[in-house]
Structures are given as structure tokens and as C-alpha cells.
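Reading through the C-alpha cells given below for one structure.
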Amino acid sequence: MKIISLPNLADNCLLYLKAEYVALYRQKGIKKAYNEFDYLRIGYIISTYFRGQSCNVLDVGTGPGVLLNWMNLQPNITAVGIDNKEYSTYYDFSGASNRIIMNAAKMNFSDNSFDLVFCLEVLEHLNDRTMLDVIREMKRVSRGKVIISVPFEEPEPRPKYHIQRFTENKIKELVASANLSLLCKEGQHYPIALIDIDCQSE
């Protein structure tokens, strides 16, 4: 298991979006939906999985939409995001209108539809049955990789909305063949596990 200390943000588009979200939430009186660690994690994911190639990407559980907005602003990326309901913190800065309300446990996409499927800090909110169904569906619709992030060894007591607690053994039981890294930042109470599943080798 690789331990990764997250570098500072370097992507200009992500820095732009961060500033836009901060200004929007301040204007609307919305409590910030992302902290600095969240932006650093997204920055690491961008630098790791997007290196100028053209690709078709699915974002499962868009939340406020930072990753989806970033992808929409890239000329070589075709992206779609799904979530199970509308969120007041979500905003479409790109005008792409490609976010769909959909059940991630039963997606309306064909097999092998996407080069990459992302699911960032979603699985901890799901019960066992739904979590397994979502993982199965993401692997079904990806022809390349599924990238999942979850809180790792989250301290107790956990928030009530975090149903799952992930350890190394639990992750290996769920996706035995995945590559596992821990994303860390000094001062952060617990790391985030980054789970990289190569669907071509499954």
C-alpha cells in the first residue's frame, strides 16, 4: 500500500473552480462543501489520471460537482455525472448540463461505455447491498478503470451518515485485485484510500 503526501494545487483550471465555488457559496450563504484536503485530493486525481488523452468519463456521485466541472472545461474529455438527488451545493459552471439523476446501483448505461469511472467519497454512505451493487455496476460500465476513494480507518465516533468504515482488509474483500494508495495531508485526522481497479484485468 503506497502512502502519498498530497502536493499543493498546481492545476490552473482547478484553482479557478476553487475560487468560483468559494465566491458562489459566500454569496449564497452556503456552508462550504469542500475543504482544502478535498481540493488537494481532486488535484492529485487530475494529475494522475488525466494526461492530455481523449477519454469518456463517468462521475458517480457528483456532489457539488468540482470534478465534473473540471472535466467539462477540458476540450478532450467527454464527461457525464450521476447522483441520486439534487443538491443545493451543486453548480454547473461549464453550462454542459450533463448531470443526471440516476440510481448508481442500476445505471442506464451499456456495458463498457466509459474509459474511466470515478466514485469519490460515496461508498461510505451506502448500506452493504447497495455498495456491492454500485461497485458491480461501475465495473460493468467501465472498459478501462474504476477509481474509488473512501475514508480510511475513520476514527470513531463516525458521522451518522457514514454507514461504512473502511480498513485495508475490508477493501481487499470488496475488490481483491485493486491497487490501494493512501492520500494524506499533514494535520488531517485520517487519510483517504484511493482504490484503483483495472477492469481489463478483472
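Candidates in the range 1-42 are the residues that are within 17 Å of Tyr87 (Cβ to Cβ) and of a type in the set (Lys, Arg); of these, the one that is surrounded by the most Cβ atoms within 10 Å (Cβ to Cβ) is Lys32. Taking the range 150-190 as the range and being free of Cβ contacts under 8 Å to residues at least 60 places away in the same chain, within 16 Å of Leu40 (Cα to Cα) and buried (at least 16 other Cβ atoms within 10 Å of the Cβ) as the test, the residues that pass are Val150, Pro151.
Mind counting the residues in the range 56-77 that are buried (at least 17 other Cβ atoms within 10 Å of the Cβ), more than 18 Å from Arg140 (Cβ to Cβ) and not aliphatic (A, V, I, L, M)? The total comes to 8. Here the range 78-108 is the region considered, the condition is being over 21 Å from Tyr39 (Cα atoms) and of a type in the set (Val, Ile, Thr), and the residue that is surrounded by the fewest Cβ atoms within 10 Å (Cβ to Cβ) is Ile101. Only one of the numbered conditions (1) at pLDDT 95 or above; (2) touching a Gly at 6+ places or on another chain (Cβ under 8 Å); (3) not acidic (Asp, Glu) is not met by Tyr91, and that is (1).
Which ones in the range 1-42 are within 17 Å of Ala193 (Cβ to Cβ) and not hydroxyl-bearing (Ser, Thr, Tyr)? The answer is Met1, Lys2, Ile3, Ile4, Leu6, Phe37, Asp38, Leu40, Arg41, Ile42. Condition test on Arg158, is it in a loop (DSSP other than H, G, I, E, B) and basic (Lys, Arg)? It is true that Arg158 is in a loop (DSSP other than H, G, I, E, B) and basic (Lys, Arg).
Output yes when any residue across the range 120-142 is surrounded by fewer than 19 Cβ atoms within 10 Å (Cβ to Cβ), in contact with a His (Cβ under 8 Å, 6 or more places away or on another chain) and at pLDDT 95 or above, and no when none is. Among the residues of the range 120-142, at least one is surrounded by fewer than 19 Cβ atoms within 10 Å (Cβ to Cβ), in contact with a His (Cβ under 8 Å, 6 or more places away or on another chain) and at pLDDT 95 or above, which makes the answer yes. If the condition is being in a helix (DSSP H, G or I), at pLDDT below 95 and not hydrophobic (A, V, I, L, M, F, W, C), then the range 173-202 contributes Gln200, Ser201. For the range 135-142, the criterion of being out of contact with any Lys or Arg (no Cβ under 6 Å at 6 or more places or on another chain) and in a loop (DSSP other than H, G, I, E, B) is met by none of the residues.
The values are calculated or read from the model by the stated rules, or taken from the named source; none is laboratory data. As the structure is a computational prediction, the values presented were derived from the model and not from experiment. Virtual Cβ from ideal backbone geometry, glycine too; neighbours counted across all protein chains shown.
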